[in-house]
Structure formats: C-alpha cells, structure tokens
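The next block holds one structure in the form of structure tokens; read it before the comments.
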Amino acid sequence: MLTKELSREVEEIRRRFGIVGRREELAKMLIAARGRKHILLEGPVGVGKTFLARALAEYLCRDFIRIDGDERLDENKLLGYWDPPIVLKMGYVEEAFVPGPLTRAALSGSILFINELNRLPESAQNALLPAMDEGIIQIPHLGTLRAKEGFLIIATQNPEEDIGVYRLSEALRDRFVLIKLGYPSREEEIEIVKAQVPDVEESIAEISVDIVRKTREHPIIIRGCSVRSSIDLARITSLMDGGDEKWYTSALMTLPQRIETGDSSVDKESLVKELVRSVLGGYKGDFPIQRDLQRSR
C-alpha cells in the first residue's frame, strides 16, 4: 500500500511528464531514491526506462549526467584523466584533472544515468563500487574525493539473454535495488501511440499496436518489436493513402529490422506480412476493435 503522499507524488510525475501507466514502477523509484539506494531498471528495449529515469531526476531537481554502456568505456574514462600540458607545467594539481562522468556526478550530487550497464566491461563496473558503497572516489595523485549529498546512480539493464552483454558481478548487483519493467498493456500502448502521434486515427493506433504486439507473441520470434515500433508504424501509416496495402508497405518499412528470430533462414519480410494479414483479418470495421480481434483469436 502506498502512502497518500507517495501516491500524490506519483500522480504528479505522471501528469507533469505525460507518463502512461507505470504507477508501481515510479513509486518504487521514488522510495529507492529517498532511501539513497541506487536503482537498476531491467527490461526490454523501448519500454521507457530512460524516460522514467530522466523524469525522476527532473522531479527531484537533480542534474542528469548520462553515459551509454560500451566496452570501450573503461575505468579511466569513467573517473577522469590528467591533462598532460597542465601536468607538465604545474604538476598533479587539481586544475590539471579533468573529471569523468562518475566523478562529475558524485562531486555535484547529481544523478548518473548509465544506459545499458551490462554492456560495460568488468573494469568499468568495478570502478563504480567505491562510489556506490562508501560515496568515495580514489584518484591517483589527487587523493580521496567524497560524493556530495544527492549523488545517485540509475542504471538500465537489458535481459541477460541479449547479445553482447556482460553479466553483472555479484558485488555490483548487491548495491542496487532492482525494478523490472515489462511492456505496457494493450490499452496503455494505444494511449502512448495516440499521445506521441498527434491526430492519429483511432483505427491506425489500434491496428499498429496489435501488429507490433503480435511480434512479441510469435513462437519463431525471440525478440519482438518495442513500443517505439508501434509509434513509428502508426506515424508512417498515417501519412499514407490506400486500404490494406498501406499496412503492408508501412510494416515492411518499420518492423523487419527490429525483429530477431532464432533461425537465420527465416524471411522476416514474409513473417511481417503474415502478422499484418492476421491482424487485418480480425478487423471488421468497427472501433474500438477489441471485440473483433478477440473473436479472431
């Protein structure tokens, strides 16, 4: 049960930033931030992890420093580096040190947002531990720096089955609270599309969402399309004239490259056409179309 004050804050964030759903996730994020616990958001691509983190930072009046997970982002790039010309002239003085994103966030009491944390190499992950655990950063020649009140790390993580990710160490996982985000409900996804594509027809919003949701259910597809795909499909389709044919054209423009299958021999374009055909076949012309689609399933 949420307190009245927490519920009020959640609704204020949703209203201010136009967030559809996500009451439970926002409440957990607020509780964690107030409890000075670093946050790990886990979920598939395109479910709004970055947007929620940025909204929380702005609501809490914290600066937002973003980095993207990359195997080339090592410990030195996170912490900072010494400027050689200044070091040669003045030595290892504070003015010669150029702080990296972790150091800047810690010293300013900001939120450090790490997109796709599990794409960081182990050395970079380990560099986070002292700052998260004790609020300190050790810089050679400079000494120990202490984090300012308000410093917080919010990181995102793709599911571990994704390609090109590193497993987080037990020590690092132990310093986060985990909040999982799944796909929104059908009704919420339609609402998101309508909010992101002004003046879109109800029919286009609903059919776009149903086609995209089919990609998440098909047994051959191991990773379906995100909410962003629903938005793009609706936006492209709304710019076209024609009947059913426009759906095949727009779907082939927006979906095949976003689908992953377990079999490289699968023709993704044929698969997308199959999904479009199955959705259009259940549409009888009345909106909302839930009734017709349910009868066809």
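Listed values, structure above:
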| item | result |
| --- | --- |
| Region 78-96 - residue that is out of contact with any His (no Cβ under 8 Å at 6 or more places or on another chain) and touching a residue at least 24 places away in the same chain (Cβ under 8 Å) and, of those, surrounded by the fewest Cβ atoms within 10 Å (Cβ to Cβ) | Glu94 |
| Odd one out for Ala27 among (1) touching a Ser or Thr at 6+ places or on another chain (Cβ under 8 Å); (2) closer than 22 Å to Ala171 by Cα; (3) free of Cβ contacts under 8 Å to residues at least 40 places away in the same chain | (2) |
| Search result, residues across region 236-269 that are of a type in the set (A, V, I, L, M, F, W, C) and touching a residue at least 24 places away in the same chain (Cβ under 8 Å) | Trp247, Ala251, Leu255, Ile259, Val266 |
| Counted residues, region 241-287 - those being assigned to a loop (DSSP other than H, G, I, E, B) and closer than 17 Å to Val227 by Cα | 2 |
| Restricting region 33-62 to residues that are in contact with a helix residue (DSSP H, G or I) (Cβ under 6 Å, 6 or more places away or on another chain) and at pLDDT 95 or above, the residue that is surrounded by the most Cβ atoms within 10 Å (Cβ to Cβ) | Leu41 |
| Condition check for Leu2: more than 30 Å from Ile259 (Cβ to Cβ) and assigned to a helix (DSSP H, G or I) | no |
| Identity of the residue in region 185-199, in contact with a helix residue (DSSP H, G or I) (Cβ under 7 Å, 6 or more places away or on another chain) and surrounded by fewer than 20 Cβ atoms within 10 Å (Cβ to Cβ), that ends up nearest to Lys28 (Cα to Cα) | Arg186 |
| Residues satisfying the stated conditions in region 245-283, i.e. of a type outside the set (A, V, I, L, M, F, W, C), under 23 Å from Gln196 (Cα atoms) and surrounded by fewer than 22 Cβ atoms within 10 Å (Cβ to Cβ) | Lys246, Tyr248, Thr249, Pro256, Gln257, Arg258 |
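Okay, residues lined up against (1) modelled with pLDDT of 90 or more; (2) surrounded by 14 or more Cβ atoms within 10 Å (Cβ to Cβ):
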residue	(1), (2)
Ala131	yes, yes
Ile137	yes, yes
Glu149	yes, no
Thr156	yes, yes
Glu161	no, no
Leu178	yes, no
Leu181	yes, yes
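The values are calculated or read from the model by the stated rules, or taken from the named source; none is laboratory data. Not measured: the values here are computed from a predicted model. When we count neighbours, we look across all protein chains shown, and the Cβ atoms used for this are built from the backbone with ideal geometry, even at glycine.
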